[in-house]
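*Asks:* The structure that follows is given in the form of structure tokens.
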Amino acid sequence: MIVRIFLVLAAIFVLLLVGSYFLPSTFQVSRSETIQANHGIIYNYVSNLKKWNDWTAWNTQKDPTMKVTFGDVFEGTGAVQSWKGDNLGNGTLTITESFPLEGVKYRMMMSDKFEMNGHIKFTPDMEKNSTQVEWITSGSMGNNPIFRYFSPFLDKWMGNDLEEGLQKLKVLAEKEATASSQTDTLNINKPKN
């Protein structure tokens, strides 16, 4: 009886192991949002890692235990932030490319095991003074069979975080754009002495 149970468990394990190699070894999750703000306003939020807590889903509201530290550079190419938290774990994010008209690219390492690449891509519409922002996250599951079984669920899990971040970014950027527009209007209408 014990031998039969062992054989059944061994067979299930082998099937799961072999089955994992038919699952994708890479993933890509993307979400986009049109923001009624100039790309320069949005760039100030995405290129400055100290502002990420204000708009990303990976923040101290979601994990109050999270402690964030920054490198010597915290804005633009080469900016680095690291975090540790009970719910969000630990990791490091490094901005690898940063261009005001195009957005930023970054590399994120989670728990020293799982690496992801990100791209927050801008498509500005100068006539409408709006910006299409696409947030793309991609990575590899490698040869880890357990990670590969998670890959079909990543679009929903990570997609929700990307959507939440883009919505918060939209609110912040559009509020700033409106305030800036009102200030410009007041300055134009101010009587000259």
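*Asks:* Two decimals, Cα atoms only, Kirkwood Rh: what is Rg/Rh over segment 32-77?
*Replies:* We get a ratio of 1.02 for segment 32-77.
*Asks:* Roughly what would the spin-label model give for F114 and N90, points 7 Å off Cα along C-beta, in nm?
*Replies:* Taking the simple label geometry, F114 and N90 are separated by 1.6 nm.
*Asks:* Ok, one more. With the dipole of segment 23-101 worked out from charges on the C-beta (+1 for Lys and Arg, -1 for Asp and Glu) around the Cα centre, which of A57, I35, G85 lies farthest toward the positive end?
*Replies:* Going by the charge dipole, the pick is G85.
*Asks:* Next up: From the P(r) of segment 22-177, can you give the percent of Cα pairs sitting at distances over 22 Å? Walk me through the numbers on the way to the answer.
*Replies:* Details: 4952 of 12090 pairs.
Tail of P(r) above 22 Å: 41 percent of Cα pairs.
*Asks:* Place a +1 charge on the Cβ of each Lys and Arg in segment 22-177 and a -1 charge on the Cβ of each Asp and Glu, then give the dipole magnitude about the Cα centre in debye, rounded to the nearest 20. Present the calculation step by step, with values, prior to reporting the outcome.
*Replies:* Values: 16 positive and 19 negative charges, 64 e Å.
Dipole size: approximately 300 debye.
*Asks:* Taking a spot 7 Å from the Cα of T77 along the direction of its beta carbon, which residues of segment 110-125 have an amide N less than 18 Å from it?
*Replies:* It comes to 118-122, nothing else.
Values quoted throughout were computed directly from the atomic coordinates according to the rules given, and no laboratory measurement underlies them. This is a predicted model, so every value here is computed, not measured. Heads up, the Cβs are rebuilt from the backbone with ideal geometry, glycines too, and the neighbour counts pull from every protein chain shown.
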